[in-house]
Amino acid sequence: MSVTKNNPEDPVIIAGQAYTSRLLLGTGKYKDMDETLHAIEASGSQIITVAIRRTNIGQNTDEPNLLDVIRPDKYTILPNTAGCYDADSAIRTCLLARELLDGHKLVKLEVLGDEKTLFPDVPATIIAAEELIKEDFDVMVYTNDDPIMAKRFEEMGCVAVMPLAAPIGSGLGIRNPYNIRTIVENASVPIIVDAGVGTASDAAIAMELGCDGVLMNTAVAEAKNPVLMASAMKKGIESGRQAFLAGRMPRRAYASASSPIDGTFF
Amino acid sequence: MQITLNGESLVIDNQVNIIQLLSRLEISGRLAVEVNQRIIPRSLFSTYEIESGDNVEIVEAIGGG
């Protein structure tokens with residue numbers, strides 16, 4: 001994605017919509033709805049992921065409906081296809097999400113390969129992405145950190161490609177920065193690291209590599225203080241982005257004195 | 001008549017449309033309904049009659065990443 005140095009707001013454009021926040025936040029695993037909302041507010045996120053599940057029948061909880069708290073008129077709701085292990089259930093989930101959200105087209109497509117790793121089933125993801133694009137969805141696709149596959153998803157018409165940095169919920173950080181950088185260099189759609197960050201420095205590294213954003217959930221929700229971590233992540237993303245735009249100094253094998261050598265009196 | 005609702009069987013005494021079904025189940029709020037794996041748009045809730053043997057799914061948005 002080209003760098004927008006001349007726009008001080010430096011937005012990321014996803015499916016034609018400009019977002020000043022480059023942090024996309026999930027809503028799973030929080031203690032309660034209140035904590036979810038406070039974490040979202042502290043993160044500054046504008047794109048919030050949700051899952052689509054069966055309504056509990058006859059088990060009226062005190063918890064309000066998620067979309068009454070995270071309101072679609074205030075946030076861009078990004079329904080995911082988490083839990084789908086085949087293309088058909090992912091497509092079905094997106095169709096239900098579109099109905100639920102009054103025709104909203106933006107979805108996060110993930111078709112998982114196995115429960116242990118939650119790595120994507122890439123062939124099944126391709127099938128689902130093709131069908132969803134045909135159905136006029138704006139597809140943000142979760143995939144491996146594979147530069148060739150990332151390019152294929154872009155060519156297919158996905159509006160953003162979201163390589164994992166490490167397995168979902170693992171918090172292992174950016175395990176293959178060279179692949180992520182190659183994906184970014186090749187891309188002309190936003191590249192958003194989806195999954196794997198554990199703390200703010202991981203998010204900063206992703207941004208320093210040139211990623212357009214980071215999508216996370218567990219790193220915030222499972223922090224001892226999720227709201228504080230949400231704020232830390234916001235800053236990590238912002239400083240990583242600024243460092244990328246600023247352009248880091250070259251690495252040297254040996255020292256280079258910061259103070260002048262001329263004019264010494266000793 | 002018997003239907004399958006969110007994976008479980010449910011007996012209903014008489015004919016209902018989707019609005020009536022939701023109100024009988026005391027479900028409200030933002031949701032989407034599928035009957036036999038076909039989405040039923042909200043605009044049709046008051047006219048779409050549930051039939052015996054239908055497989056009904058009612059879904060909502062919950063927390064997820």
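The values are calculated or read from the model by the stated rules, or taken from the named source; none is laboratory data. Treat the numbers as computed from the prediction; the structure is a model and nothing was measured. Here the Cβ positions follow ideal geometry from the backbone for every residue, glycine too, while neighbour counts run over all protein chains shown. Side chains included, ligands, DNA and RNA excluded: accessible areas come from the protein's heavy atoms. Shrake-Rupley method; radii C 1.70, N 1.55, O 1.52, S 1.80 Å.
Looking only at residues of segment B:20-38 that are within 7 Å of chain A (Cβ to nearest Cβ) and closer than 10 Å to B:ILE58 by Cα, we find that the one that is modelled with the lowest pLDDT is B:ILE27. Residue count for segment A:9-26 satisfying the condition of being assigned to a loop (DSSP other than H, G, I, E, B) and either within 14 Å of chain B (Cβ to nearest Cβ) or free of Cβ contacts under 8 Å to residues at least 24 places away in the same chain (or both): 3.
Scanning segment A:221-239 for residues that are more than 17 Å from A:ILE174 (Cβ to Cβ), in contact with a strand residue (DSSP E or B) (Cβ under 9 Å, 6 or more places away or on another chain) and surrounded by 22 or more Cβ atoms within 10 Å (Cβ to Cβ) yields A:ALA221, A:ALA230.
B:ASN55 passes every criterion in (1) touching a strand residue (DSSP E or B) at 6+ places or on another chain (Cβ under 8 Å); (2) within 21 Å of A:GLY103 (Cβ to Cβ) apart from (2). The lone criterion from (1) open to solvent by 10 Å² or more (accessible area, probe 1.4 Å); (2) on the phi < 0 side of the Ramachandran plot left unmet by A:ALA15 is number (2). For A:ILE48, the conditions (1) touching a Phe, Trp or Tyr at 6+ places or on another chain (Cβ under 6 Å); (2) in a loop (DSSP other than H, G, I, E, B); (3) not polar (S, T, N, Q) all hold with the exception of (2). Entry remark, segment A:48-60: residues being open to solvent by 90 Å² or more (accessible area, probe 1.4 Å) and more than 8 Å from chain B (Cβ to nearest Cβ) number 1 in total. Scanning segment B:19-35 for residues that are closer than 26 Å to A:GLU110 by Cβ and either open to solvent by 20 Å² or more (accessible area, probe 1.4 Å) or touching a Cys at 6+ places or on another chain (Cβ under 8 Å) (or both) turns up B:GLY29, B:ARG30. Of all residues in segment A:191-212, none are open to solvent by 40 Å² or more (accessible area, probe 1.4 Å), of a type in the set (A, V, I, L, M, F, W, C) and in contact (Cβ under 8 Å) with a residue 40 or more places away in the chain. Note on segment A:62-114: among residues that are of a type in the set (S, T, N, Q) and at the interface with chain B (Cβ under 8 Å from one of its Cβ atoms), the one that is surrounded by the most Cβ atoms within 10 Å (Cβ to Cβ) is A:ASN80. In segment B:35-51, the residues that are of a type in the set (Phe, Trp, Tyr) form Cβ pairs under 6 Å with partners that are outside any strand (DSSP E or B), at six or more places apart or across chains, as follows: B:PHE45/B:ILE18; B:PHE45/B:ILE19; B:TYR48/B:ILE18.
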